[in-house]
1. For the range B:50-65, check the following and say yes or no: at least one residue is within 13 Å of the chain's Cα centre (by Cα), closer than 30 Å to A:Trp50 by Cα and either in a helix (DSSP H, G or I) or more than 14 Å from chain A (Cβ to nearest Cβ) (or both).
2. Please work out which residue is farthest from the other protein chains (Cβ to nearest Cβ), limiting yourself to the range B:109-129 and to residues that are surrounded by 15 or more Cβ atoms within 10 Å (Cβ to Cβ) and more than 17 Å from B:Ile9 (Cα to Cα).
3. Can you pull out the residues in the range B:1-49 that are part of a helix (DSSP H, G or I), of a type outside the set (Ser, Thr, Tyr) and more than 14 Å from every other protein chain (Cβ to nearest Cβ)?
4. What tally of residues in the range B:6-38 results from selecting those that are closer than 25 Å to A:Ala51 by Cβ, among the small types (Gly, Ala, Ser) and either surrounded by fewer than 23 Cβ atoms within 10 Å (Cβ to Cβ) or over 11 Å from the mean Cα position of the chain (by Cα) (or both)?
5. What is the number of the single condition among (1) surrounded by 12 or more Cβ atoms within 10 Å (Cβ to Cβ); (2) within 14 Å of chain B (Cβ to nearest Cβ); (3) touching a residue at least 12 places away in the same chain (Cβ under 8 Å) that A:Asp66 does not meet?
6. Confirm whether B:Arg71 is surrounded by 19 or more Cβ atoms within 10 Å (Cβ to Cβ) and basic (Lys, Arg).
7. Of (1) without any contact (Cβ under 8 Å) to a residue 40 or more places away in the chain; (2) within 14 Å of chain A (Cβ to nearest Cβ); (3) surrounded by 14 or more Cβ atoms within 10 Å (Cβ to Cβ); (4) in a helix (DSSP H, G or I), B:Ala100 satisfies all except one. Which?
8. Among the residues of the range A:24-40, what is the count of those that are surrounded by fewer than 14 Cβ atoms within 10 Å (Cβ to Cβ) and touching a residue at least 24 places away in the same chain (Cβ under 8 Å)?
Amino acid sequence: MSSTTFLDAKGLACPMPIVRAKKAMKDMQTGDVLEIHTTDKGSVSDLTAWAASGNHEIKDQQQESDVFKFWIQKG
Amino acid sequence: MTEQKKTTIVLFSGDYDKAMAAYIIANGAAAYDHEVTIFHTFWGLNALRKDEPIKSNKSFIEKAFGKMMPRGADKMGLSQMNFAGMGPKMIKQVMKKHNAMTLPQLIDMAIEQDVRLIACTMTMDLLGLNEGELLQEVEYGGVAAYLGEAQDGQVNLFI
């Protein structure tokens, strides 16, 4: 069974979103999904590149006003 | 799992902004699962200084150097627009507003992420700094310690 972990990274500036994402991923199982909310504009390309490098898969990505939402599956 | 990648950074500069760039990259690389080493030499050593005065047996020149150089990361000046210390005050306010991490926070975060902080012992002698004045987490080495890491590093920077 895969589960979803939620990470609120709103208001955090570079490099914190990926630092927090990495920390959260550490305690997760392969196949689990990490849902991250950010407000830093750079985090969109940061998280995309970071996920690709770690062999994680971005399952979904949305934007609601100023908040960027990502669902990243641990690879 | 492939072999862990390595990032090495030489921090030569004693400027707050340049040290910030170095530590942001170091923290990012650690989040990328790299093994990260920051090699501090010359003015970059000041980022590792404790902020309180440390008693030691130093020569007159060494004492003068110790007084003139910033005691710790928070006291460092900017490479541009320092305005005799007003610049750092202003930029720290702006950083607070944008929720950016300060340099001391970035250094703490790097230590938490197991980034290796190495101080160059030869330049420590030149600047009259001793081990008691630097943060406890610091390791000591020379050029070979840096090269040993850098030769199989994917990212090597000099800042």
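1. no
2. Residue satisfying both the conditions and the ranking: B:Gly128.
3. B:Asp17, B:Lys18, B:Ala19, B:Phe42, B:Trp43, B:Gly44, B:Leu45, B:Asn46, B:Ala47, B:Leu48, listed by residue number.
4. Here the count works out to 5.
5. Going through (1) surrounded by 12 or more Cβ atoms within 10 Å (Cβ to Cβ); (2) within 14 Å of chain B (Cβ to nearest Cβ); (3) touching a residue at least 12 places away in the same chain (Cβ under 8 Å) one by one, A:Asp66 breaks only (1).
6. No; evaluated as a whole, the condition is false for this residue.
7. Of (1) without any contact (Cβ under 8 Å) to a residue 40 or more places away in the chain; (2) within 14 Å of chain A (Cβ to nearest Cβ); (3) surrounded by 14 or more Cβ atoms within 10 Å (Cβ to Cβ); (4) in a helix (DSSP H, G or I), only one is false for B:Ala100: (4).
8. 3
Taken together, the values in this text are just the output of simple stated rules run on the coordinates, not laboratory data. Computed from a predicted model, the values in this text were never measured in an experiment. Ideal geometry is used to build each Cβ from the backbone, glycine not excepted, and the neighbour counts take in all protein chains shown.
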